[in-house]
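Every number in this text was worked out from the coordinates using simple rules, so none of it is lab data. This one's a predicted model, so the numbers in the text were calculated from it and none came from an experiment. In this analysis, Cβ positions are derived from the backbone assuming ideal geometry, glycine residues included, and neighbour counts consider all displayed protein chains.
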Amino acid sequence: MRVLFASAEVAPFSKTGGLGDVAGALPRALARLGLEVLVVTPWYRSVPTDPAPYWIGDVEVPFDGGFEPVGVGTLERDGVRYAFVGHPDLSRPRLYGYPDDARRFARFSRAVPQVAARVGFAPDLLHANDWHTGYLPLLLARGWHLPPGFPHLPSVFTVHNAQHQGESEMAATLHWLRLGREAAHGYLDRFGAANALLAGVGAAERVTTVSPTYAQELQQPEYGFGLDGAFRAVAGKLVGILNGLDVNEWDPATDPHLAARYSAGDLAGKAANKRALARELGLDPERPLLGVVSRFAEQKGIDLLVAAAERLLAAGWGLALLGTGDPRLEAAVRALATERPGAVGAVVGFDEALAHRVYAGADALAVPSRFEPCGLSQMIAMRYGTLPVVRATGGLKDTVAHGRTGFVFEHATPEGLLWAAGEAARAYGTPAWREMQLAAMRQDLSWDASARRYAALYGSVLPS
Ligand code: ADP
Ligand code: GLC
């Protein structure tokens, strides 16, 4: 089976969060099952140059009422083929966050079939991810200006996060995408605007999301970000498949970023990682250490943690915080670290190596999310014997068992978080803590089972 996989970020080439991890690991897991996968992704300025994608030329892409060239680069790694779409609009310092993001990713989406055809890949189906590539299932269903083999190609669309939907002005969007006016009256339309996420949800043969609980939550007004009705309408083709982890990349027994390596069989090295992290962040190594590795966004409940911080410190915790995002949250976190040296250490930024050191060096990891489609950080923490303290939502609820592999609270309030942190503090240093660490570390968090579920789902959309 040949799968065309489209994603706005793909680790290790680009990453701002879990989408990058998933688009990196899932295609490799599918390749191990014998599927052929071409991953198409933007050629951002940050794409590493060692090895650099091999530039093979330009293709003409139907866009903006005409045809425009984009550059194509390719690379093969771990049994997966990658194609990079080069264009000045995509090559900017950051991946996202520009006022013309909808137009940038409309162009990218439009390029995907042309680029696949250019590298000689004839897919059996498309797997698109999140709003950036949500236009694609619709484009394939409408079938204009597509290379041979692409009109009516079946598609699977995965919602990693329903908060980000990619809305833009309808007439302009139809013009960019070279879609006829009748497309304005289908799933693309949300109250007169063009909504990329909705287009993918409506046009794909199957819609998946990244945990069973989030598949249910999406259908509720509290979590659907205005699309709960649409998710209820497509419930018959919607399924939640839990993400896995790349257990080779995230392995405390081999992790090159750690001060000492360790495993469930020999946890001794974990203490050395804690000492090293405490030294690095100027923290008291005697305190139990609560870590955070997160985007600083409303979704993640970082404000709840900030509001609870004084009481967490009073209860004896030290805090090791790594993240970036909302400037107000960044300022609040920086202020905490300045006011409470020795008890709070913070690094504002995106730092892959430090993330590994926090997962290994902290005793517990706080993930107080308001919503969490799946969440990878709690899974990474468990693999590193660092017990997650999480809110009962989405994938957090599906992956962490209270009192067995972590601590789970119901209400998105500072008090909810404090309650669970209190439970954690009570267990800390007792034999129960060690048992929980081992239970957390010994779980199978790999992609194997979930990749097989995707493969079965792909099989179900192929013409019989
Ligand atoms: P989301 O995709 O919503 O951000 P996930 O938990 O699924 O949340 O994935 C987050 C990924 O990004 C994890 O691999 C985490 O380690 C990483 N990450 C988040 N913030 C940072 C940061 N500031 N520095 C390094 N890695 C980070
Ligand atoms: C999104 C979600 C996160 C999920 C990730 C990968 O960024 O916020 O919960 O783990 O996608 O699917």
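Order these by the 10 Å Cβ neighbour count, fewest first: 177, 153.
153, 177
Taking the inverse of the average 1/r across all pairs of different Cα atoms in the chain, what Kirkwood radius in Å do you get?
22.8 Å
Could you check what % of the DSSP bridge pairs in the chain are antiparallel, to the nearest 5?
Here the share of antiparallel DSSP bridges comes out near 30 percent.
Quickly rank 393-400, 259-266, 188-195 as a protection proxy: mean count of other C-beta atoms within 10 Å, highest first.
Peptide ranking by packing, descending: 393-400, 188-195, 259-266.
Using the number of other C-beta atoms within 10 angstrom as an exposure proxy, rank 133, 16 with the fewest first. Working shown, then result.
Working: 133 29, 16 16.
Lowest to highest Cβ neighbour count: 16, 133.
Calculate how steeply helix 101-118 sits against the longest principal axis of the alpha-carbon atoms of the chain, using the helix alpha-carbon long axis, and give the answer as 0 to 90 degrees to the nearest 10.
Computed tilt is about 60 degrees.
Are there GluC sites (Glu not before Pro) in the stretch 189-230 that DSSP marks as loop and that have at most 13 other Cβ atoms within 10 Å, and which are they?
Here the sparse-neighbourhood loop sites are 222.
Could you work out how much longer the chain between residue 253 and residue 460 gets when fully extended? Use 0.36 nm per residue separation minus the Cα distance between them, nm to one decimal.
70.7 nm
With axes computed from alpha carbons, what is the tilt in degrees of helix 431-441 against the longest principal axis of the chain, rounded to the nearest 10 within 0 to 90?
Taking Cα atoms only, the helix is inclined about 20 degrees.
Can you compute the FRET efficiency between residue 67 and residue 310 using 1/(1 + (r/R0)^6), with r the Cβ-Cβ distance and R0 = 60 Å? Round to the nearest 0.05.
About 0.50, to the nearest 0.05.
Taking other Cβ within 10 Å of each residue's Cβ, how do 5, 13 sort, fewest first?
13, 5
Taking the 0 to 90 degree range and rounding to the nearest ten, how far is the long axis of helix 414-427 tilted relative to the main principal axis of the chain, both from C-alpha atoms?
Taking Cα atoms only, the helix is inclined about 50 degrees.
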